[in-house]
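Asks: Got a structure for you, written out below as structure tokens; questions coming shortly.
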Amino acid sequence: MSEASPVVAANLDDVIAESGNIGKPLVGINIEIRDEEGKIVPQGEIGNLYVRGDNVMLGYYHDEEQTKKILHKNWLNTGDRAYINKNDEIVIVGREKDLIVHKGIKIYPQEIEHIILMHPAIMRVAVVGKKEKEIMEEIPVAYIQIRSEYRENTEEIKDEIMQLCKDQLAAYKVPRSIEILESVPLTVTGKIDKKKLK
């Protein structure tokens, strides 16, 4: 992330790791996983990832208000939800702002996206929370961009993805709908623009 100049951790081991595993912090960088009240959580529990080191920015240029939101006593709140695994590696499960809460249960879109990306036809995917009018709760909705060579079988692909999600995910995490887009919107930095999809 640019606020950390821009590297925090690296996975240097030549092994297969779980999805979202970004490895161990680099030398000179401290990390903490904290809950919503700012208390450090036990190893293995999900919380907000905080980073401290000489690489962390001093603040946003001429934007004291935004700086105060993410910098606390030289600790940077990355906005990532993460945990530390048994090998002391950081595992990112999603972005705090992307979190979907359905009937009090937390759903991390990144987990669903990783499952959908297992399908060879998928070029890009974004899962966002949408308000369901009947129950006024957020539900996961998947937006997909299909590779050009697969575009003749879109309905079949949608069925296959839905089945893949049902096989790999708990029922409450399965997307309620899958929408096919000609192209998933991107920001100027090339990241998927979830704000537009919401």
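Asks: Looking only at region 95-108, count every residue that is closer than 24 Å to MET57 by Cα and touching a residue at least 60 places away in the same chain (Cβ under 8 Å) and tell me the total.
Replies: Counting residues in region 95-108 that are closer than 24 Å to MET57 by Cα and touching a residue at least 60 places away in the same chain (Cβ under 8 Å) gives 1.
Asks: So in region 101-127, with the set limited to residues that are in contact with an Asp or Glu (Cβ under 6 Å, 6 or more places away or on another chain) and at pLDDT 95 or above, which one is surrounded by the most Cβ atoms within 10 Å (Cβ to Cβ)?
Replies: Only one residue tops the list, namely VAL127.
Asks: Conditions: (1) assigned to a strand (DSSP E or B); (2) surrounded by fewer than 15 Cβ atoms within 10 Å (Cβ to Cβ); (3) basic (Lys, Arg); (4) in contact (Cβ under 8 Å) with a residue 12 or more places away in the chain. LYS130 meets all but one. Number of the miss?
Replies: Failing condition for LYS130: (2).
Asks: Starting from region 48-59, keep only residues that are at positive phi, then list their pairs with residues that are hydroxyl-bearing (Ser, Thr, Tyr) whose Cβ atoms are within a distance under 7 Å, requiring at least 6 positions of separation or different chains.
Replies: So the pair list comes out as GLY59/THR67.
Asks: When the residues of region 5-43 are narrowed to those that are small (Gly, Ala, Ser) and touching a strand residue (DSSP E or B) at 6+ places or on another chain (Cβ under 6 Å), which ends up surrounded by the most Cβ atoms within 10 Å (Cβ to Cβ)?
Replies: ALA9
Asks: Among the residues of region 179-193, which ones are free of Cβ contacts under 8 Å to residues at least 60 places away in the same chain and under 19 Å from the mean Cα position of the chain (by Cα)?
Replies: If the condition is that a residue be free of Cβ contacts under 8 Å to residues at least 60 places away in the same chain and under 19 Å from the mean Cα position of the chain (by Cα), then PRO185, LEU186, THR187, VAL188, THR189, GLY190, LYS191, ASP193 are the ones that fit.
Asks: What number of residues in region 24-63 are among the hydroxyl-bearing types (Ser, Thr, Tyr) and not in a loop (DSSP other than H, G, I, E, B)?
Replies: 1
Asks: Starting from region 24-46, take each residue that is closer than 15 Å to VAL56 by Cβ and list its partners that are of a type in the set (Gly, Ala, Ser) and part of a strand (DSSP E or B), counting only C-beta distances under 6 angstrom and pairs at least six apart or across chains.
Replies: Short answer, once both residue conditions are applied: PRO25/ALA9.
Asks: Go over the candidates GLY94, GLY79 one by one and state the one that is crowded, with 18+ Cβ neighbours inside 10 Å, under 17 Å from the mean Cα position of the chain (by Cα), on the phi > 0 side of the Ramachandran plot and not hydroxyl-bearing (Ser, Thr, Tyr).
Replies: GLY94
Conditions (1) part of a loop (DSSP other than H, G, I, E, B); (2) β-branched (Val, Ile, Thr); (3) under 19 Å from GLN110 (Cβ atoms), marked per residue:
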residue	(1), (2), (3)
ILE139	no, yes, yes
THR154	no, yes, no
CYS165	no, no, yes
PRO175	yes, no, yes
ILE178	no, yes, yes
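The values are calculated or read from the model by the stated rules, or taken from the named source; none is laboratory data. Computed from a prediction, not measured in an experiment: that's the story for all the values here. Every residue, glycine as well, gets a Cβ built from its backbone with ideal geometry; the counts of neighbours run over all protein chains shown.
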